[in-house]
Amino acid sequence: MNKTLHKIYVGLFLIVGISVTILLGINGYQYYTTPLEERFFSADHVMLKPSGAWGHGFGIIGTLMMIVGVGVYMIRKRYRKFFNLGYLKHWLEFHIFLCSVGPVLVLYHTAFKFGGIVSVSFWSMVLVVLSGVVGRFIYIQIPRTIQGQELSINELNSMKESLALRIRKVLSEDSSTLYKLESIASTDRYKSLRLTAAIGLFIKDYFTTKQLMRIFRKKMTLLGLSKSEREELIHAAKNEIVIARRIAFLRTSQKLFHWWHIFHLPFAISMFVIMIVHVIVTIVFGYKWIF
């Protein structure tokens, strides 16, 4: 999947997710904002109540999306015979899409009414989604191959050195810009920093990097480099900075990801267990959808 196709792939997920959330909200706004004791008299009650044609459908489709989202990603990640079936990164994006839109549909299924043991499943789902956002951020801080395998410190250092050689050939006579680049691309800057201080430095580096790239771009223009060469070197310089930061944070990121799994997994399990119980009870009591 090339870059353009990948952007379309991710863009479609965003459009569908946002559209579903907004359209369902607009369509049912009057009903969902009606006090619970008055909803029975609403014209939309038959369709939008949890056991209604639409409300029940939201629950079924949302549940299936979460099951498929978790299932296909875990199968692709854990079973070696599926390792060549697309890149893990793309499967993770598919997992995030299904496990983001699915909970939205389940939320509309509840008609924003939470109670009993189902509320435990719902709030577990909320915690799973929120922790998933945090997990995604931690995950991308751990350098990986395009197939999703973690890179070692030696591999990262080798990549950083390779990028550094390309950049320094261009900046060999510009000691000021070279010094700024080497300062911001140093792994020592993040050592011995507390997490809050490191986050502050990370934000500061974002703006420093943008300023440095503008200077670097002007330098390359003066040297008469083509647009493609300039973009390639800018990309290499940014990658060197990112790799340096990830080398410094590698051990911390790995530990955080380990503890994230310990936090994320119990809520996911409790959510699915209660969800299964809820489905069984629904079937036993004779609730049917369009079947």
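Quick look at the numbers
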item: Simple label model, 7 Å out from Cα along Cβ direction - Ile199 to Arg168, nm; result: 3.5
item: The chain - charge dipole about Cα centre, Lys and Arg +1 at Cβ, Asp and Glu -1, debye rounded to 20; result: 860
item: Rounded FRET efficiency, nearest 0.05, which uses the C-beta distance separating Ser186 from His6 and R0 of 30 Å; result: 0.45
item: Between helix 153-170 and the chain: long-axis angle, C-alpha atoms, 0 to 90°, nearest 10; result: 50
item: Phi to ³J(HN,Hα) by Karplus 6.51 cos²θ - 1.76 cosθ + 1.60 over the stretch 106-111, Hz, x for Gly, Pro; result: 5, 4, 5, 4, 6, 6
item: Over 26 Å (Cα to Cα) - which of Lys89/Lys238; Lys204/Lys227; Lys7/Lys219; Lys77/Lys255; Lys3/Lys255; Lys204/Lys255 fall in this group; result: Lys204/Lys227; Lys7/Lys219; Lys3/Lys255
item: 222 nm mean residue ellipticity, helices alone, for the chain (DSSP H n ≥ 4; -39,500 (n - 2.57); rounded to 500); result: -27000 deg cm²/dmol
item: Hits among lysines - C-alpha to C-alpha of Lys49 under 28 Å, sequence gap 8 or more where chains match; result: Lys113, Lys288
item: HN-Hα J in Hz across the stretch 35-50 - Karplus 6.51, -1.76, 1.60, θ = phi - 60°, x for Gly and Pro; result: x, 3, 6, 9, 5, 4, 8, 6, 5, 8, 4, 4, 8, 9, 5, x
item: His45 versus Leu225: modelled label distance in nm, points set 7 Å from Cα along the beta carbon direction; result: 6.9
item: Rg/Rh (Cα only; Kirkwood hydrodynamic radius) as it applies to the stretch 1-150; result: 1.05
item: Residues Tyr206 and Ala236, FRET efficiency given R0 of 25 Å [Cβ-Cβ distance, rounded to 0.05]; result: 0.85
item: Residue-by-residue Karplus 3J(HN,Hα) for the stretch 61-76, coefficients 6.51, -1.76, 1.60, Hz, glycine and proline x; result: 5, x, 5, 4, 4, 5, 5, 5, x, 6, x, 5, 5, 5, 5, 4
item: Segment Thr252-Trp123, length gained on full extension (0.36 nm per residue, minus Cα span); result: 43.6 nm
item: More than 35 Å apart - percent of Cα-Cα pairs taken over the chain; result: 38
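Every read-out reported here was derived from the displayed coordinates using simple, explicitly stated rules and does not represent laboratory data. Treat the numbers as computed from the prediction; the structure is a model and nothing was measured. Backbone-built Cβ (ideal geometry, glycine too); neighbour counts: all protein chains shown.
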